Amino acid sequence: MLAQSPFTYTPTGGDWLRILPELIVLAAVFATLLADLALPEGRKGWLAAVGVVGAIVSGCSLVYVNSLSGASAFFGMITSDGVALFAAGVILLSLGLALLFSPSYLARQKIARVGEYYVLLQLSALGMMLMAAANNLMTVFVGLEMLSLALYILCALPQTRLRSQEAGMKYFILSSFASAFLLYGMSLIYGATGATGIPDIGRFLGAHQAALSQGFGPLLFVGMSLMLVGFCFKVSAVPFQAWTPDVYTGAPTTVTAFMSVGTKVAAFVALARVFVIALQTQNAHWEPVIWAVAVLTMIVGNLLSVTQRDVKRMLAYSSVANAGYLLVAIATASPRAVASLLFYLAAYAVMNIGAFGVTLLVERRDGRGTTLEDFNGLGRRNPALAAAMAVFLFSLAGVPPTAGFLAKYFVFYAAMVGNQVPLAIIGILASVLGMFYYLRVVWAMYFVEPTPGVRPVALPEREPALAAVGAAANGAREEAPESPEIEASSLAAQAIPVESVLTSVRIRTSASSAAALVIAVALTLLMILFASPLDAYAQAAASALFH
Amino acid sequence: MPESLPALILLGLALLFGAATIGATFVLGPKRPTPEKLAPYECGIEEIEAPRQRFPVKYLVTGMLFIIFDVEAASVLPLAILMRRLQGLGFIELLVFALILAVPFIYIWRKGAFSWE
Amino acid sequence: MPLSAFLTVSGVLFAIGALGVLVRKNPLIMFMSIELMLNAVNLSFMAFAHFLDSAQGWIFVFLTLTVAAAEVVVGLAIIVSIFRSRTNIDVDELNSLKG
Amino acid sequence: MLNLTPFILLAPLVGFVALGLFGRALPRAVIAVIGCGVVLIGFALAVADLISMLGVAPAQRVSDVTLWTWITAGTFHVPFGLLSDPLSAVMLLVVTGVGFLIHVYSIGYMEGDPGFWRFFAFLNFFVFAMTLLVAADNFLFLLVGWAGVGLASFLLIGFWYTRASAAAAARKAFVVNVIGDFGLLIAIFLLFGAYHGALDYRTVLGIGSAQAVAPTSVAPGGVLLAIALTLFVAAAAKSAQLPLHVWLPDAMEGPTPVSALIHAATMVTAGVYLVARAHSLFTAAPTSLVVVAVVAGATAFFAATIACVQNDIKRILAYSTMSQLGYMFMGEAAGGFSSGIFHLVTHAFFKALLFMCAGAVIHALGGEQDIRKMGGLRERLAGTFWLFVVSGLALAAIFPFAGFWSKDAILGAILQRATTGGAGWYALYAVGLLTAGLTGFYIFRLIFVTFFGAYRGAPVAAAHGGGHAAGGRAGDPLAGLHLPGLALMAPMWVLGALSLVGGALDLPGSQLLSDFLAPAAPSAIELTSALFWVSLAAGLICALVGIAIAWSRYGQGQAPAGDEARVGALVVFLRRRWFVDDLYEGAIVRPILALSRGLRFGVEDDTLEAGSRGLGDAVGSLSAGLRGLQTGFLRNYTLTLFLGAVVILVYFIAVSQ
């Protein structure tokens, strides 16, 4: 195959079969586009069903692709190896859950352009799958941009909401800036090795270790550092995490749920391929940087979460902290560590989407109302929702026997046996800190009286005057003083006379949201049962990556 | 190339130093913007209308759509070069490519993106 | 001309672009600076492709160009959308999310 | 040999799932039958297991069923298996047996509560987690059970979550328990390293394995010590040993059956079980046993002194539990692992009974917990009174009650250890004796103040149902007394009988329990030795002295509120009769009262609280400082991104040179 030039390579039917899952998602995108034209206003919720069917069919096709022999497709641009299929499975699961949460959320938040929303969500999933399956820097870049472009628009989709617009703008500028660094890094790596294929780069560096020390060394090192910057930005590692909380808070919550998981899956798999595999021989050089970044990310991410009063923002910061645990696996750089990375991503997907899912059901119509006060007494207002949230939070906190516990366990175990004992210990200590802020939400749900007034779930349309005053009270919140404690209490007091009328309004959960929650809870709790086959698959996939 | 690399690195470092200096002033320098300071012209005459008010959004939308389909055309170019070698397969690929372009095109058309009003 | 000449120009362009992102306030100009950075990378890709006599650099340039065009569209769309809701697009005033 | 352990585990799980899903819709009678029935099934199975175990030779009394292999990855091999050996059999009997009685008691105690179904669901979940904890055959599933009982405890302490104090207590308990969980987690990581990924008891502890590997041949002493100490951190947090004890007194905010089941009989003894289970690791690192001894001795004494001045009936018992757990650890530290387990068993009987009696009193008085507002209840609550006395005598270790034999087995073990171990162990023995005296004092102070003299509280409101209200004259403040019903009394009588004769499990000469446990938990002391008889006598004398002092101070039902006034009168009285008593009052009672007050306020309220608050403040301000960097300005973000890139670039350029 190496003898062939990319210009003379002719794709075969087998190549197309290996990207079957991606093709199915693409077909679902087209079906959604056409269905959007056909469906009348008010029935757009069915678009989600199209997407869910696409995700399920694509997920089934993974099994078939897994049975094919060989993995490389399209002149080694893309691969359908175990790691790619595992990541695709997690991405499709996340996509399905996010789609199930979407119809009622979009209706409640009055987000227009529903058709575009579903199309872009699926396209970003397609980009993630592409990036996770990429076996060439080009495909990594194209997949990355594909997912990012779709997410920029999704973040800014609620056109009347300034916070979303701001989130979209910040994400767009910062992410493009980081992409430029990544691309420059890729260019220099290409210059140093003469290859863009991930295995080719690894092969070249393995064969020309000596030559590197004189000629192309600086090129390689500068390229490596710039690529690291780009990847660290995408996985929101400290100090490149600044965009994460703002974007995650401003974006519509379904989008936040999906991107917090999907982007991580894609970026971490690509990071593992590029650094752990292609730049394997340079491990001694990049490992200290990842080490430092992982420590910083775990500590700063957890520390920043501690003082958050808004659950959505707290979850955003916690995703930074989780990136730190995943970086531990990258720093360890063994097959077992890569397998634990995959397992962690799977567990993280279900528990994080679940936690965001509950948050979006608690959220008010104006896109606010996700502070701790809004979760007060949820255990009595909606016991099922509170129980689900408790499961997700316990899992995120790493309490056995949930999926999150197993995931942390695997990662830290891999680090322990992979000679990264200090990292594992720092990680365990950092996750003790994590317990505090996750359990504070459980605490609020079960042991705090519902705050009067901070809890109107649905402002009745019939009373525009009331709604207007409520909105004004919320507007006042925006200009509130900086201290979050003062803000919450003083504004709660402010809001009481207006909104206490509405406290009796119950949170309504649509059938599809309930289904998504049930799936997420079941997977979070039952992952302990199929941990063994899942882990075995991840191990096999990871060792095949190294071979 | 190797002998010029130190110079390259030096250049890079110099630029970085410049960037860091400018950046530091941004972080450290006091910023007290007043409406007067932020006004577009400081020659004493109040602005008659907001300078950025007239923004022809319609042109922009059309422009954006043009860029998309224009760039897609650029991707067809390599296919054209290889057309002879690829034979029938190339034709099928071209059709698929056109189909991928056509569906969104129909979509934005039906959504009314091309209507001027 | 030696490869280093191309790389130097490319590096300078990249740095100018990065500085532009850092110092400008208008998102349009910031965005143009990012485009400059991307094109600096394109230059280095082409230089490498020429000197290494490898086709992959050229293909990469193609992809980058396409991606950059798509970014232009998305970026403009977001800027226009913000423009519709408020007349000012100074990035220093987009500051409701923090902490 | 049978191994029915999976089914013992399954029964409460089924109960939990059934009640959790459908409990809300079920009538109370059905809830009660399901809730108690599943635990009774578990108990019956545990008995069947025991009988079959007794039928085989002692060497073959280990059965390890692997239900399925949970994780296999190279040498990292974790089967999900359940172990049935003498130690787990004893623990299972205690958990399901005492658990069943407390379930029955709960039917009466919680009868008016709207959360009836929820309560039984949580109780069943607790029993499931606890059986998993004691039946697991590897450390990983031990951890799962360990965290599960912590969760159940958290849910049950905060059961009346509308009370702010209950909610705060639940949180405190959870935080401390999590510290323990992480101790266990770290211990497991260390074991991973030492045993190359094996976590099962067979490999690590040599249970059920013909050729047990000596821990000293596996890992260096430092690592073994670290393992033992982190295990003990976990045990100390779960069993409320200094300084991780703060949660237990507050945990009394939960309903009384919870206090009886979780915070007296079972969960808090998990630490004792863990130390006995992992005794080979502890004995391989002898320094760790010294640490255990010091902590346990300090806790036993500390808690007993505090119990002497408490006025809340349940808090007295909570401190007493801490003190008794200290005894169990002291016994284990001295090498008497079976003595620790023996005391665990008898303590489960009499302490559960004490809590049930206290619950009956609280129930009768409509929720009153302050003993200063009780008194004179002897005639009205005669059954409860006599059971209280029986359990009190057992706690005070008076012949021939259960506690006498088990506590003195521990003291004997310490004395035995002291004959070879040196002065430190004699000091520990002295602490044990002193604590025995204090135990007699505080428990009889409680009994005298509660049941003797005249009633001092406000009139009791008439019973809601009127069904078991005692008839009485008009103007009788106790007219509205709620007499305990059959559901309350029946389990108490059973436990009363067990508190009386429970010592027969391990009498000197017969040694049923020690012999049975011998393969799993070795014993340090030959119970018939002369030393043991000396120890028995010394312990008995100390306890009697304590009771005598309690009688002299509170025997007439004096309210402890009047301590200051009455002490003066008492001193005058004593000076005329016994010159010795005057000395005693001044040199021992007063300083102990003062010391215990000082400890209570000094250690509990200031130092520890301030320490933890300081840590919290530090984290909070660090976090707030970091938040300041998150300015929300896009251009600051681009700048940090750029500077981060520069730092990484400079690092790589430096490396490449």
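All of the numbers you see were taken from the coordinates with simple rules; none came from a lab. These numbers were taken from a predicted model, which means no experiment stands behind them. Cβ coordinates were reconstructed from backbone atoms using ideal geometry, including for glycine residues, and neighbour counts include every protein chain displayed.
I'd like the FRET efficiency for B:I100 and D:R163, computed as 1/(1 + (r/R0)^6) with the beta carbon distance as r and R0 of 56 Å, rounded to 0.05. For B:I100 and D:R163, the calculated efficiency is 0.30. When D:S552, A:S58, A:S72, D:S288 are sorted by how many other C-beta atoms sit within 10 angstrom of their C-beta, beginning with the fewest, the order is D:S552, A:S72, D:S288, A:S58.
Size descriptors for the stretch D:412-462: radius of gyration and Dmax over Cα atoms are 19.4, 62 Å.
Would you mind calculating the gained length between D:D312 and D:T631 on full extension (0.36 nm times residue separation, minus the Cα-Cα distance), in nm to one decimal?
109.7 nm
Sorting C:E35, B:E93 from the fewest to the most surrounding beta carbons within 10 angstrom yields B:E93, C:E35.
Converting phi to 3J(HN,Hα) with the Karplus coefficients 6.51, -1.76 and 1.60 and the offset θ = phi - 60°, the stretch B:88-103 yields x, 4, x, 4, 4, 4, 4, 4, 4, 4, 5, 5, 4, 6, 5, 4 Hz in sequence order, with x at every glycine or proline.
Taking the charge dipole of the protein assembly as shown about its Cα centre, with +1 at Lys and Arg Cβ atoms and -1 at Asp and Glu Cβ atoms, the residue from D:V272, D:H363, C:L43 reaching farthest to the positive side is D:H363. Close amide H pairs (under 5 Å, H built 1.01 Å from N) link A:S72 with A:S80, residues at least 5 positions away or on another chain.
In terms of packing, defined here as the mean over residues of other Cβ atoms within 10 angstrom, the peptides D:298-304, D:169-175 line up highest first as D:298-304, D:169-175. Relative contact order of the stretch C:3-93, taken over Cα pairs closer than 8 Å and 6 or more residues apart, is 30 percent. The calculated Kirkwood hydrodynamic radius for the stretch A:117-271 is 16.1 Å, given to one decimal from all distinct C-alpha pairs. In terms of packing, defined here as the mean over residues of other Cβ atoms within 10 angstrom, the peptides D:321-333, A:428-440, D:361-373 line up highest first as D:321-333, A:428-440, D:361-373. Annotation: for a label point projected 7 angstrom from Cα along Cα→Cβ of C:M1, residues of the stretch C:49-89 with backbone N closer than 19 Å are C:49-54, C:57-58, C:61.
Normalised by 2.2 N^0.38 Å, where N counts its residues, the alpha-carbon radius of gyration of the stretch A:144-234 equals 1.43. Neighbour counting of Cβ atoms within 10 Å sorts the residues D:H245, D:H279, fewest neighbours leading, into D:H279, D:H245.
For the peptides B:94-107, D:343-356, the ranking by mean Cβ contacts within 10 Å, running from highest to lowest, is D:343-356, B:94-107. Kirkwood hydrodynamic radius computed over the stretch A:14-545 comes to 23.3 Å, based on all pairs of distinct alpha carbons.
If you put +1 on each Lys and Arg Cβ and -1 on each Asp and Glu Cβ, how big is the dipole of the protein assembly as shown around its Cα centre, in Debye rounded to 20? Write down the numbers at each step before the final one.
Working: 77 positive and 72 negative charges, 348 e Å.
Using Cβ point charges on Lys, Arg, Asp and Glu, the protein assembly as shown gives about 1680 debye.
For the stretch C:3-93, the dipole from Cβ point charges (+1 on Lys and Arg, -1 on Asp and Glu) about the Cα centre works out to 160 debye, to the nearest 20.
Of the residues D:I316, A:V274, D:I8, the one whose Cα sits farthest towards the positive end of the charge dipole of the protein assembly as shown is D:I316 (charges of +1 on Lys and Arg Cβ, -1 on Asp and Glu Cβ, taken about the Cα centre). The charge dipole of chain A, taken about the Cα centre with unit charges on the Cβ atoms of Lys, Arg (+1) and Asp, Glu (-1), comes to about 560 debye, rounded to the nearest 20. Note on A:A107 and D:A518: the model spin-label points, each 7 Å out from Cα along the C-beta direction, lie 7.4 nm apart. Each label was represented as a point 7 Å from its Cα along the Cα-to-Cβ direction; for B:L11 and A:E449 these points are 7.1 nm apart. Working note: Karplus 6.51/-1.76/1.60 with θ = phi - 60° gives the stretch A:403-418 the couplings 4, x, 4, 4, 4, 4, 4, 4, 4, 6, 5, 4, 5, 4, 7, x Hz, where Gly and Pro are set to x. By the helix-only formula, in which each DSSP H run with n ≥ 4 contributes -39500 (n - 2.57) and the sum is divided by residues, chain A has a 222 nm mean residue ellipticity of -25000 deg cm²/dmol.
What distance in nm separates the two pseudo spin-label positions at D:V501 and B:T21, each 7 Å out from Cα along the beta-carbon direction? My value for the distance between the label points is 9.6 nm.
Between the residues A:W46, A:M259, D:P255, the greatest Cα displacement towards the positive end of the dipole of the protein assembly as shown, with unit charges on the Cβ of Lys, Arg, Asp and Glu, is found for D:P255.
So if R0 is 60 Å, what FRET efficiency would B:L82 and A:L429 give, r being the distance between their Cβ atoms, rounded to the nearest 0.05?
The calculated FRET efficiency here is 0.55.
Note that the stretch D:529-546 has calculated 3J(HN,Hα) couplings of 5, 4, 4, 5, 5, 4, 5, 4, 5, 4, x, 5, 4, 4, 4, 5, 4, x Hz, one per residue in order, obtained from phi through the Karplus relation 6.51 cos²θ - 1.76 cosθ + 1.60 (θ = phi - 60°); glycine and proline are x. In this structure the amide hydrogen of A:N136, modeled in the peptide plane, comes within under 5 Å of the amide hydrogens of A:I198, none closer than 5 places in sequence on its chain.
Could you tell me which of rounded, prolate or oblate describes the stretch D:77-130, using a ≥ b ≥ c as the square roots of the eigenvalues of the alpha-carbon gyration tensor, with rounded for a/c under 1.5 and, failing that, prolate when a/b is larger than b/c and oblate otherwise? Because a/c hits 1.5 or more and a/b fails to exceed b/c, the stretch D:77-130 counts as oblate.
Placing one equal scatterer on every Cα of the stretch D:289-351 and applying the Debye formula, the log10 ratio I(q)/I(0) at q = 0.14, 0.21, 0.24, 0.25 Å⁻¹ is -0.39, -0.78, -0.93, -0.97. Pairwise Cα distances in the stretch C:3-93 exceed 20 Å for 45 percent of all pairs.
Amide H contacts of D:F80 (H built 1.01 Å from N, in plane; Pro and chain starts excluded): D:L67, D:W68, D:T69, D:W70 sit under 5 Å, all sequence-distant by 5 or more or on other chains.
Suppose the Debye formula is applied to equal point scatterers at every Cα of the protein assembly as shown; what is log10 I(q)/I(0) at q = 0.04, 0.06, 0.07 Å⁻¹? Values, matching the q order: -0.29, -0.63, -0.82.
Overall form of the stretch D:79-224: oblate. Here a/c, set by the Cα gyration tensor axes a ≥ b ≥ c, is 1.5 or more, and a/b is not larger than b/c. In plain terms, the chain from A:A514 to A:S543 could stretch by 6.6 nm, reckoned as 0.36 nm per residue minus the Cα-Cα distance. Normalised by 2.2 N^0.38 Å, with N the number of residues, the alpha-carbon radius of gyration of the stretch A:351-462 equals 1.29.
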